[in-house]
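Have a look at the structure below, then the notes.
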Amino acid sequence: EEFQFTVKNVNRLEPAELNVELFDKVYGPGAIKDEKEFKAKVKSEAETQFVGESDRMLKNDVVTYFVDKLKLAMPNEFLKRWLVQTSEQPITMEMLETEYDMYAKSLQWQLIENKILENHSIKVTQDDVLAHTKVLISAQMKQYGQPEGDDKQLTDIATNILKNEEERKKVYDQIFDERTLAVYKENFKLTEKSVSYDEFVKLASGK
């Protein structure tokens with residue numbers, strides 16, 4: 001069989017020139033003045049991103065360490081029946097057998113983490129959530145070269161955002177993770193190690 005078709009558009013990606021037009025598109029008009037500032041900004045943002053990834057790896061290592069070290073005894077048969085009865089989605093005992101280890105470790109970590117929170121008086125209040133949201137809004141405004149606004153404006157914007165349950169939980173979790181990570185870093189003897197980008201990706205992906 002024969003086919004006919006018409007190519008209407010061809011797109012290709014080409015490296016952009018490092019000039020003011022690019023700087024303004026990426027960071028807003030006037031935020032970056034030259035190539036040196038642009039590269040420094042990109043470098044800073046990349047470092048911030050990798051710090052976040054490194055912190056996530058630390059959290060996973062802490063969870064694994066405590067769960068494996070403490071080996072909390074769990075009422076396994078009772079928990080299996082309870083999970084079958086309370087699951088929002090239908091689940092059979094056969095299905096549960098393949099995933100129970102994951103459930104059990106998650107429950108063990110909840111118990112361990114609750115004790116850590118109690119011992120170190122870690123808590124997040126609504127005032128904390130509001131204040132943190134205002135900081136995030138202010139930083140975003142600066143990033144895009146917008147006027148920061150006064151405290152009342154930031155409060156109004158933050159209050160409106162936090163009406164969304166998903167957004168409120170996201171901010172709460174962010175504060176919670178920051179405070180628990182601070183406790184881990186203070187109480188664990190950590191050794192910093194310099195690795196290449198490829199090595200870091202392998203470590204982060206567990207390969």
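Every read-out reported here was derived from the displayed coordinates using simple, explicitly stated rules and does not represent laboratory data. Quick caveat: nothing in here was measured; it's all calculated off a predicted structure. Here the Cβ is made from the backbone with ideal geometry for all residues, glycine too, and neighbour counts use every protein chain on show.
List of remarks:
- Total formal charge among the other residues, if their Cβ is under 14 angstrom from that of Lys25, Lys/Arg +1 and Asp/Glu -1: -2
- Distance from the C-alpha centroid of region 177-192 to that of region 71-112: 29 Å, rounded to the whole angstrom.
- Tensor-based shape of the chain (alpha-carbon gyration tensor, a/c under 1.5 rounded, otherwise prolate or oblate): prolate
- Cα long-axis angle, helix 76-86 against the chain (0 to 90 degrees, to the nearest 10): 60
- Cα→Cβ-extended label distance, 7 Å offset, between Asp128 and Phe176, nm: 1.0
- Considering only alpha-carbon pairs that sit under 8 angstrom and 6 or more positions apart, the relative contact order computed for region 124-207 is 31 percent.
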